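Down below is the structure, laid out as structure tokens.
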Amino acid sequence: MTEPGSAAIAEKGHPYWGRRLWVNLLRAGIVGGFFLLWEIASGRWIEPFLISSPSKIFVAFVAHIQEGTLIEHFWVTFQEIGIGFPVGAVFGIAPGHIFGRSRALAEIFEPIIMALYGIPRTALAPLFIVWLGIGIWSKVGMVFLLTFFLNFFNTYAGMKQMDQEYVDLARLMGARGMKLTFKVILPAVSPYIFTGVKTSIPFSVIGAMVGEFIAATEGIGFFIRLSAGVFKTADVFVGILVLMLLVIVMNKIADLAERRVLQWQTQTEHVRIQG
């Protein structure tokens, strides 16, 4: 015998899965149509030398995977991002939280951080290479720099938007120190923190690419620059494809972590405006 509650859930779930299927089919159709148009245009309307074609890019991708060169370059870039991104996120979230709790520190250091943030990162890349060499550590520094600022400003904004009544009520109930931080403050600003983390994902890849474009002997950025230098357009798109897949995977992991941490929060996928 089916319980009334399960029947109601099934009725509510059916439109959801129907919508998901429709969205996925439409998305696949758009992407598939784009690649089909690209394949047709290559060699017919546009010189293949300029845009290559999806079939040639796929062949080049498989060839580089089999040779092992693409995996070696990817591993170097993955190390740069794997070290610089979490360190930059943690070092960005921590001062954002501290400055949000201390008005004096915020007034002293906020103009300094804003001035540092205004420096173009491409101008700092040569300095990192001079300081840290052409190995992975100069790229780790670039990834750290771009990740730090985005996480700092998002966390700091969340701290400034936090309702003081929550903190006062928690203190009345006996919450102090680390308990107040981890039970009240961080859960309240966690949506801002995850926004900073997800926003900084593509910028961490950009930081690694900027460093590799300027000076490197390995990495996906080096692979793209080398391929462009010998006019291998398909290989350039292979490198771009790898970076796109890396960003997508990192973003999916961040989404899963966000859903798990923010289970208590009501998620609204869209806002319906009537008028």
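Looking at the structure I just gave you, is residue 160 more than 15 Å from the chain's Cα centre (by Cα), in a helix (DSSP H, G or I) and more than 30 Å from residue 115 (Cα to Cα)? For residue 160, the condition - more than 15 Å from the chain's Cα centre (by Cα), in a helix (DSSP H, G or I) and more than 30 Å from residue 115 (Cα to Cα) - is not met. No other residue among 110, 72 is open to solvent by 30 Å² or more (accessible area, probe 1.4 Å) and either aliphatic (A, V, I, L, M) or at pLDDT below 90 (or both) apart from 110. Annotation note: of 236, 210, 247, the sole residue that is touching a residue at least 12 places away in the same chain (Cβ under 8 Å), touching a Pro at 6+ places or on another chain (Cβ under 6 Å), within 30 Å of residue 58 (Cβ to Cβ) and open to solvent by 20 Å² or more (accessible area, probe 1.4 Å) is 247.
The values are calculated or read from the model by the stated rules, or taken from the named source; none is laboratory data. Keep in mind that this is a model prediction, so the values were computed, not measured. FYI the Cβ positions are ideal-geometry reconstructions off the backbone, even for glycines, and counts take in every protein chain you see. Ligands, DNA and RNA are excluded from the accessible area calculation, which covers all protein heavy atoms including side chains. Shrake-Rupley method; radii C 1.70, N 1.55, O 1.52, S 1.80 Å.
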